[in-house]
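Notes for the one structure printed next.
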Amino acid sequence: MSAFQPVRGISAIHRLNPIAKLAAPLLLAGALLLTIDWVSASVALALESVLFFRAGLGLRRFWLRTLPVWIAAPFAGLTILLYGRASGHSYFHWVFMNVSDGSISLAVATTLRVLAIGLPGVVLFVTVDPTDLADGLAQVVRLPARFVLGGLAALRLVGLFLDDWRSLELARRARGVADRGRLRRFASQAFALFVLSIRRATKLATAMEARGFGAPIQRTWARDSPFGWREWVLVLIGAAIAAVALTVTIVSGHWNFIAG
Amino acid sequence: MSSSIPAAGVTARGWGWRHSGRKAWAVSDLDVRIEPGERVLLLGASGAGKSTLVHALAGVLGGEEEGEQRGELLIDGRRPEDSRGRVGLVMQDPDSQVILARVGDDVAFGCENLGVPREEIWTRVAESLDAVGLRVPLDHPTEQLSGGQKQRLALAGVLAMHPGLLLLDEPTANLDPDGVVEVREAVARVLDRTHATLVVIEHRVEVWRSLVDRVIILAPGGGVLADGAPDAVLGTQGASLAASGVWVPEFPPAAPIRVTAPTSERLLATEGLSVARSGSGVLQSGIDLSLAVGEALAVTGPNGAGKSTLGLTLAGLLAPAAGRVAAAPRLANGIGSHPIRWKSRELFTRIGTVFQDPEHQFLASTVRDELAIGPRALRLVQPEIDARVDELLTRLRLETLAAANPFTLSGGEKRRLSVATVLATRPRVMVLDEPTFGQDSRTWQELVALLAGLLDEGCSIVAVTHDAELVSALATTTLRFDSRTEVTA
């Protein structure tokens, strides 16, 4: 379960409302998706990198948690490099693959973009506690409580599903059916897990109902979900980075509207 | 905890409930009055509708699409659905009642739903956790609690809603002996503070006997079979209750009689064995044991000590963390001596495993097919498969259920089926993980008699168990693991 566990700590970032941690990178992503060029993403990445060290993660955790982004970015770039829209001089051409001036610059832009969008998203999100996020979604964003709390309770079952999966695996070996095709076994095991999870979810739903969940009463919230100036600062930082990146791009003539 | 919350009274007038799609009424013609502050133990044979009644009182039976209602069931003169917060329900399965990730939040959940103001919620949370004796920090992760602690957490969550009626549906059935005591003491303390009305279902009478002042026995055909003071009711009805599966201390189930004595012909042994779940730390080490024909080894000790892990390791399902598990030639029968290296198809004719949760090991959509899976994997011919299946159906009283889906069986039937699936391939060694958890006394007696018969026929058994009666009825050797410290703050 360690992959799901939020990183805890005492620095300011850990106390910020999760909605702000969600909003800032979303804002940045929205802006960076308007244009595809290497300048905007580089500027954003440069500005972000100053902030990563204040994100309350520590170096080791930073690299560990962001590793998927570092792997995904060059692969995304490689795909664009080989299959992206060709223009200018072509360096390598084989069936559908075509490496050209155009695809090289698109590939660089894509790689940087995945990093510039992915890294802040991951860095901010690993410090989010699911319960705090649910509080924020219900109290700040005002999503329906039924939906938010249902999701939150279901998330807790994930750990039980992992245990169930392991037991199902052992039970199949014990029943003498673990030698046959992997794919078939996986399918039957997945179905069994599905049945078990529905039963668990039904019991959980009854337990929640027994505690008044879904009653026609105005619900209160035991935990506050404050959204104050600190949160606005984080959102503004996101907006500022986006604005600077786009301005530099437009001024330097690299603006390349994505739909264009 | 303030005792100013009035206790709730219950009135049933000709009440009945039929689950949709069923012919028979789960409960019918119930006329009963429970006064505020009474403490009632609700008994009855399995299928008498105890859980249905308690769920109805909790208002969680569902609407018209879930079933049909007859007569009246009222709490302080109001329908249960309109009495939210007046009634608190604690159920059997500890894992399915934890709602949130942190202890404090979980207790606060019910209060939030009832619209209690924030400041008052946290006062109630503190009071409730204190009342159930759960002394952990509010941000303690709920997934790290033991079974007994989880049940006390559920009790605290209910208590924080300030109910006038406390409903407990077999709250200790899945717990080890320490957990049972923990929960009973917590309930006693809560009742002393709140004076709430109590209705508890439990088929182990002695757990609650000293705490209740009234026993109501539901009749399987509808209505009430007996009702009155515990000693009076148990005195007149004890024998018939025991026959219907209720654990009555004066009428314990019969212990089996072994015909043949254990031999010294060894089947399985360990040398310097250490056990661990894959990817986690070693739980126990330096285990040297051996298992001979006709022997029953009981592995006991508190939760988390590594009992189940040892069971799975002996069963050839988990690799030893160190040391080895060696099958004697008599068991290995021509293949290597390391069970973990055997193929699945080689393993299940030699060592059979009955899992704690029978649902984990069901593979087919009917009871008959479930039993045929093993013989079929052995590539037996159809007549031989049918013969084995029919024999097991008869022996374990499952004939009438041959076409039923295994998941729809009752707890006792599921347990019998899971044992039968293992017997179908006739392994010499059987590993059983908590085989008697949640079983009524009748199923218990049948199961223990069956196991004794297998031992007499030359099998040997490893049973991971908390059940002292099982140990004294069957075990020829006992291995006790010492405690690992429970999480408290």
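Read-outs throughout are calculated quantities, based only on the coordinates presented, and are distinct from any laboratory measurement. This is a predicted model, so every value here is computed, not measured. Quick reminder, even Gly has a Cβ in these numbers, built from the backbone with ideal geometry, and neighbours come from all protein chains shown.
A compact table of results
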{"item": "Range of Cα positions in the stretch A:1-153 per principal axis (Å), largest first", "result": "55, 34, 29"}
{"item": "Highest-fluctuation residue, A:V114, A:V195, A:V43 considered, GNM on chain A with Cα pairs under 10 Å", "result": "A:V195"}
{"item": "For residues of A:195-204, the mean tally of beta carbons on other chains within 10 Å", "result": "3"}
{"item": "Summed side-chain charge close to B:L273 - residues other than B:L273 whose Cβ falls under 9 Å, Lys, Arg +1, Asp, Glu -1", "result": "-1"}
{"item": "Percentage relative contact order, the stretch B:104-216, counting C-alpha pairs under 8 Å, at least six apart", "result": "28"}
{"item": "Choice from A:I71, A:I36, A:I117 with maximal GNM fluctuation in chain A (Cα, 10 Å cutoff)", "result": "A:I71"}
{"item": "Cα centroid of the stretch B:425-454 to Cα centroid of the stretch B:98-164, whole Å", "result": "37"}
{"item": "Test item: B:96-109 mean partner chain Cβ contacts at 10 Å", "result": "6"}
{"item": "Links that overshoot a 26 Å alpha carbon limit, given the list A:K203/B:K343; A:K203/B:K414; B:K50/B:K150; B:K23/B:K150", "result": "A:K203/B:K343; B:K23/B:K150"}
{"item": "Local net charge near B:E66, Cβ-Cβ under 13 Å (Lys/Arg +1, Asp/Glu -1)", "result": "-3"}
{"item": "Rounded if a/c under 1.5, otherwise prolate or oblate - chain A, Cα gyration tensor axes", "result": "oblate"}
{"item": "Shape call, the protein assembly as shown: gyration tensor on alpha carbons, a/c limit 1.5", "result": "oblate"}
{"item": "Principal semi-axes in Å for the stretch B:1-136 [√(5λ), Cα gyration tensor, largest first]", "result": "30, 17, 15"}
{"item": "Long-range HN-HN contacts of B:G44 with modeled amide H, under 5 Å", "result": "B:L218"}
{"item": "Cα centroid separation, the stretch A:200-255 to the stretch B:330-356 (Å)", "result": "53"}
{"item": "Inter-chain shielding of B:357-370 (mean C-beta neighbours from other protein chains, 10 Å cut-off)", "result": "4"}
{"item": "Neighbour-limited loop hits for GluC sites (Glu not before Pro), the stretch B:249-294 (at most 14 other Cβ within 10 Å; DSSP other than H, G, I, E, B)", "result": "B:E250, B:E265"}
{"item": "Backbone HN-Hα couplings from phi across the stretch A:141-152 [Karplus 6.51/-1.76/1.60, Hz, Gly and Pro as x]", "result": "7, 6, 6, x, 4, 4, 5, 5, 6, x, x, 4"}
{"item": "Rh by Kirkwood over Cα pairs, then Stokes-Einstein D for the stretch A:141-210 at 0.692 mPa s and 37 °C, µm²/s", "result": "237"}
{"item": "Rough spin-label spacing in nm, given labels placed 7 Å along Cα→Cβ, for B:D31 and A:K203", "result": "3.8"}
{"item": "Gaussian network model of chain A, Cα within-10 Å springs - most flexible of A:F75, A:F194, A:F147", "result": "A:F194"}
{"item": "Chain lengthening between B:R376 and B:D130 when straightened (0.36 nm per residue, less Cα-Cα)", "result": "83.0 nm"}
{"item": "Packing-based order for A:104-110, B:281-287, B:376-382, using average beta carbon neighbours within 10 Å, highest first", "result": "A:104-110, B:281-287, B:376-382"}
{"item": "Loop GluC sites (Glu not before Pro), the stretch B:34-110, which have at most 15 other Cβ atoms in a 10 Å radius of their Cβ (DSSP)", "result": "B:E64, B:E65, B:E66"}
{"item": "Distance from the stretch B:290-310 to the stretch B:13-39 (C-alpha centre basis), Å", "result": "43"}
{"item": "Amide H within-cut-off set for B:V431, under 5 Å, with H built and near neighbours excluded", "result": "B:G352, B:T353, B:V354, B:V462"}
{"item": "Phi-based couplings in Hz for the stretch B:353-361 (Karplus 6.51, -1.76, 1.60; Gly and Pro marked x)", "result": "10, 10, 7, 4, 9, x, 4, 5, 9"}
{"item": "Those trypsin sites (Lys or Arg not before Pro) in the stretch A:121-224 that DSSP places in a loop and that have at most 13 other beta carbons within 10 Å", "result": "A:R142"}
{"item": "Rounded if a/c under 1.5, otherwise prolate or oblate - the stretch B:199-272, Cα gyration tensor axes", "result": "prolate"}
{"item": "Residues whose placed amide H lies under 5 Å from that of B:R214, excluding near-sequence neighbours", "result": "B:R39, B:L41"}
